[in-house]
1. Tally up the residues in the range 9-39 that are under 27 Å from ASP58 (Cβ atoms), of a type outside the set (Asp, Glu) and assigned to a strand (DSSP E or B), please.
2. Given the structure, is PHE124 outside any strand (DSSP E or B), modelled with pLDDT of 85 or more and surrounded by 10 or more Cβ atoms within 10 Å (Cβ to Cβ)?
3. In the set SER93, SER99, SER28, SER87, which member is closer than 15 Å to ALA10 by Cα, surrounded by 10 or more Cβ atoms within 10 Å (Cβ to Cβ), at pLDDT 85 or above and of a type in the set (Ser, Thr, Tyr)?
4. Can you name the residue in the range 40-60 that is more than 19 Å from ALA10 (Cβ to Cβ) and part of a strand (DSSP E or B) and, of all such residues, is nearest to the chain's Cα centre (by Cα)?
5. Filter the range 61-82 for residues that are modelled with pLDDT under 90 and more than 11 Å from the chain's Cα centre (by Cα) and give the result.
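The values are calculated or read from the model by the stated rules, or taken from the named source; none is laboratory data. If you're wondering where the values come from, they're calculated on a predicted model, not measured in any experiment. In this analysis, Cβ positions are derived from the backbone assuming ideal geometry, glycine residues included, and neighbour counts consider all displayed protein chains.
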Amino acid sequence: MTTTANSRVASVFDYAGHEIRLEVSMFSGREWLYLDDQLLEKKRNLTSFRSKFQFVLDGQPAEIRLQSKGIAGALLTGHYGVELYVSDELVDSDEFNYSQLMVKDPKKRKGGLLFLAGCMAAGFVFGMAVAVFFQH
């Protein structure tokens, strides 16, 4: 099951009476893993198209794997898969397409476009500064 809140996408798994939730923000690169609404781990992931979260669930090793569906899928569409493993056995999975989820909400679409415009403006200013610096 995939839901959105602000700029976050959440994959929620119900397993053995527990709720396991992975929240991801593609804008900031932050990821949060919750077990029964208790934060287990948070990290920032800006350079990789995959993450692993390892934890213990009822005395058994468990792992959440987040990974892009191909390099082009992550860069162009934000297509990701999330898998839950318990004792090295795949027990559940989820997929989401981040860009399609954001386009459905006008506020998120506007925020995404403003973020993109800001990045483009910053790149222009940086490029001009480098050009001026190397001319002199």
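1. Matching residues across the range 9-39 total 17.
2. For PHE124, the condition - outside any strand (DSSP E or B), modelled with pLDDT of 85 or more and surrounded by 10 or more Cβ atoms within 10 Å (Cβ to Cβ) - is met.
3. Numbers: SER99 fails: at pLDDT 85 or above; SER28 fails: at pLDDT 85 or above; SER87 fails: closer than 15 Å to ALA10 by Cα.
Sole residue among the options that is closer than 15 Å to ALA10 by Cα, surrounded by 10 or more Cβ atoms within 10 Å (Cβ to Cβ), at pLDDT 85 or above and of a type in the set (Ser, Thr, Tyr): SER93.
4. GLN54
5. Selection gives LYS69, GLY70, ILE71, ALA72, GLY73, LEU75, LEU76, THR77.
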